[in-house]
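**Q** Okay, here's the structure, questions in a sec.
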């Protein structure tokens, strides 16, 4: 081996030893490490230790790590104790008179969910409905051979109509969003917990918006204790549709207009 080769090997060994000492000092000496932190990126990359283990990250968590449960909204009471607060919130929009005369105060959130869920069905649950029977008696007009829904029935539904129109759609949607955790909890008790009450509400609103209320008061029959619509297609309508029909075309149009406004606002929710 020539003297030149020996010199080059000695120089390479010295460089390696010096670099190793430098890297050791970089790990052990905070002052030197601080200076290196201020060095250009090219210098830091050239001398940075490469045998440090990677820092932990989310991807290193066990795959079966359970997801954190969503905490309840601290501004809302527990579902079991929500009647007082729910009545107060509803009173702020619909008025005290409506609350006193028309609303069933016990289990209000659950009753509301059950009533909304039942509207597209053939019958409402009378036991768990949230709104009491409208005041007054069902009125008919005409002779026994030509019965029809009396115009006076529309006035019986004015408390419901006035309550719905007492606040604009934005206020109703804001109240709905605020109370949604409890509405969802109540819905999960009666349906598949994987289903969303918001999805069901949109279906119900769309159903009510699709109802075509006759412009003229419909003819009735009196086959037994209860009256029925002479038109079989009307008689087979859902409970919610029949309520709109009994309201009369003018009142029903105002209800559908407000529901359409609410539906448009809810449709903007991601």
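**Q** If r is the Cβ-Cβ distance from residue 230 to residue 257 and R0 is 25 Å, what FRET efficiency results, to the nearest 0.05? Kindly include the intermediate steps, with their values, before the conclusion.
**A** Details: r = 28 Å, r/R0 = 1.13.
FRET efficiency, residue 230 to residue 257: 0.30.
**Q** Mind giving me the nanometre distance, one decimal, between the label points for residue 219 and residue 125, set 7 Å out from Cα along Cα→Cβ?
**A** Spacing of the two 7 Å Cα→Cβ label points: 3.8 nm.
**Q** Would you please give the FRET efficiency between residue 155 and residue 177, computed as 1/(1 + (r/R0)^6) with r the Cβ-Cβ distance and R0 = 35 Å, to the nearest 0.05? If you can, show how the numbers build up before the last one.
**A** Working: r = 33 Å, r/R0 = 0.94.
Working from the Cβ atoms, E equals 0.60.
**Q** Report the gain in length on full extension from residue 166 to residue 194: 0.36 nm times residue separation, minus Cα-Cα distance, nm rounded to one decimal.
**A** On the way: separation 28, 0.36 × 28 = 10.08 nm, distance 3.39 nm.
Taking 0.36 nm per residue and subtracting the Cα distance, the gain is 6.7 nm.
**Q** Please give the contour-minus-distance gain from residue 138 to residue 250: 0.36 nm per residue of separation, less the Cα-Cα distance, rounded to one decimal in nm. Don't skip to the end; give the middle numbers.
**A** Values: separation 112, 0.36 × 112 = 40.32 nm, distance 1.80 nm.
My answer for the length gained is 38.5 nm.
**Q** Tell me, 247, 102 in order of fewest to most beta-carbon neighbours within 10 Å?
**A** Working: 247 23, 102 17.
With the sparsest Cβ surroundings first, the list reads 102, 247.
**Q** Among 199, 168, what is the fewest-to-most ranking by other Cβ atoms within 10 Å? Could you put the intermediate results ahead of the total?
**A** Numbers: 199 10, 168 14.
Sorted ascending by nearby Cβ count, the order is 199, 168.
Readers should treat all values here as calculations from the given coordinates under stated rules, not as data from a laboratory. Note that the structure is a prediction, hence the values are computed from the model and not measured. When we count neighbours, we look across all protein chains shown, and the Cβ atoms used for this are built from the backbone with ideal geometry, even at glycine.
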